[in-house]
Amino acid sequence: MNQDEWKEREKIYACWLCNFPNIGNAQLHGLSESLGGPEGVYRAGREQWGRILTPKQVETLSEYTEKWPPETKYREMREEGIQLVTILDKEYPERLRTIPDAPYCLFARGRLPAEDIPAVAVIGARECSEYGRYVARELGTALGRHGVVVVSGMAKGIDGISQEAALEGGGISLGVLGSGVDICYPAQNRDLYRRLTEGGAVLSTYPLGTPARPQNFPPRNRIVSGLADVVVVIEARVRSGTLITVDMALEQGREVYVVPGRLTDRLSDGCNRLIKQGAEVCLSPESFYEEILQLRENKKENKIMPRSRKRRAEEPPHTEKNEMPEDKAAEKLPEDLLEVYRAIDFYPKTAEEIGQALPERYRGQMIPCLMRLCMEELILQVSPGHFCRRGETHRR
């Protein structure tokens, strides 16, 4: 048996072992290391399994093995376009090898990117504001355009928006699931799931067929941060799963960046608190990209990364790269519509407040302009008499 044949045989038994649902990550490592790899575990039997597993687990594994033909199941998995990568494989992501409790295996549908490509985890609120949607899309597009891998959880809100934008920008994205890799969750992101398999990959540490359960997501979050060089947070409440990911990122030695928000905005409470605690600040997609490159360069040279606050203090104020770009959808608007549009931001304003921000000559035309902007899907009426910009209008 040559080396390639041996590796393929090990994959067959790794598929058997990693699809067993009632086992923890540390036990997977323990069995593989003590019994000579996945096939050794399969051949070992109850007595040797019992050195690592509980009696109940041994009984369950024995019953599972009787009903689970390794070669047939492995072939079925591969026919579904799913691959299995274990920590013993050279294809295993190097960033993950160094994190605490590195996952023994990853199920993947799609193609894992090369290790030398920078990767950023973009995370944030599911129920995000229009401002959050806008920033997530601008950041995802810029990272994708620059060839940076965008890692996230494929969730509703910030996660999915940033990943869609990265793909539309011509980049690569990885979606880390809290279910089996053969299950799309949430179901509304099925198109994103498909696109990720074509322009990156969807990954999971959970056995095939595992439904999305609440307890699956905190462990999943450590994979999101572990696959990235840097984590950036766009909108997070004080008590949120996003901040669990931040804690894990810090334990893994990852740099954390935050998009700041208003003091009165509850969706930004978590972000603003992180800034107070010393997180870096993301001022614009372009300046953030430059800092990622500098961070990677310093790590290669084994230098200490200078605090980005110090770098920002040395930059001239109001430089172009620190400005959020004008919404592309508004570039060709007539002058009256453009003036009204510029008077509106991502936080709802009353018609009276919008009128006060307009030059006097446009105030008489304000209501018709607001209606036209709503029809053009550039703004939306969030409640009677209150308007804000839409977060994804520049896709038009």
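The values are calculated or read from the model by the stated rules, or taken from the named source; none is laboratory data. Since this is a predicted model, take the numbers as computed values, not measurements. Cβ atoms come from the backbone with ideal geometry, glycine included; neighbour counts cover every protein chain shown. For accessibility, only protein heavy atoms count, side chains too; no ligands or nucleic acids. Shrake-Rupley method; radii C 1.70, N 1.55, O 1.52, S 1.80 Å.
Using a 1.4 angstrom probe with every protein chain in place, what is the largest-first accessible-area order of Ser240, Ser34, Ser152? Write out the running numbers ahead of the final one.
On the way: Ser240 35, Ser34 75, Ser152 0 Å².
Reading off the accessible areas and sorting them downward yields Ser34, Ser240, Ser152.
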Unmatched cysteines, the chain - criterion: no other Cβ of a Cys under 4.7 angstrom: Cys15, Cys128, Cys184, Cys271, Cys282, Cys369, Cys374, Cys388
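Taking a 27 Å limit on the Cα-Cα distance, which of the listed pairs Lys90/Lys299; Lys156/Lys299; Lys7/Lys67; Lys90/Lys300 fall beyond it?
On the way: Lys90/Lys299 22 Å; Lys156/Lys299 33 Å; Lys7/Lys67 24 Å; Lys90/Lys300 21 Å.
Cα-Cα > 27 Å for Lys156/Lys299; rest within.
For the chain, what is the calculated [θ] at 222 nm in deg cm²/dmol (nearest 500), taking -39500 (n - 2.57) for each run of four or more DSSP H residues and dividing by its residue count? Present the calculation step by step, with values, prior to reporting the outcome.
On the way: 18 runs with 176 residues, N = 396.
It comes out at -13000 deg cm²/dmol, rounded to the nearest 500.
Roll a 1.4 angstrom probe over the protein heavy atoms and tell me the percent of accessible area of segment 1-126 that is carbon or sulfur. Write down the numbers at each step before the final one.
Working: 3110 of 6510 Å².
After summing per-atom areas, the C and S share lands at 48 percent.
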Cα coordinate range in segment 19-111, projected on the principal axes (Å, largest first): 37, 32, 20
Overall dimensions of segment 131-284 by Cα: Rg and Dmax, Å: 14.7, 43
Calculated on alpha-carbon atoms, Rg and Dmax of the chain in Å: 24.4, 87
The chain: angle of helix 130-145 to the longest principal axis, Cα-based, in degrees nearest 10: 60
Radius 9 Å from Cβ of Ala125, net charge of other residues (Lys, Arg +1; Asp, Glu -1): 0
Cα centroid separation, segment 113-134 to segment 273-293 (Å): 13
Whole-percent carbon and sulfur share, accessible surface of segment 195-234, 1.4 Å: 54
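Solvent-accessible area per residue for the chain at a 1.4 Å probe radius, Å²? It would help to have the intermediate numbers written out before the result.
Working: 19100 Å² over 396 residues.
Each residue of the chain exposes 48 Å² on average to a 1.4 Å probe.
When only Cα pairs under 8 Å and 6 or more residues apart are kept, what is the percent relative contact order across the chain? Walk me through the numbers on the way to the answer.
Numbers: 685 pairs, mean separation 49.4, N = 396.
About 12 percent, as a whole number.
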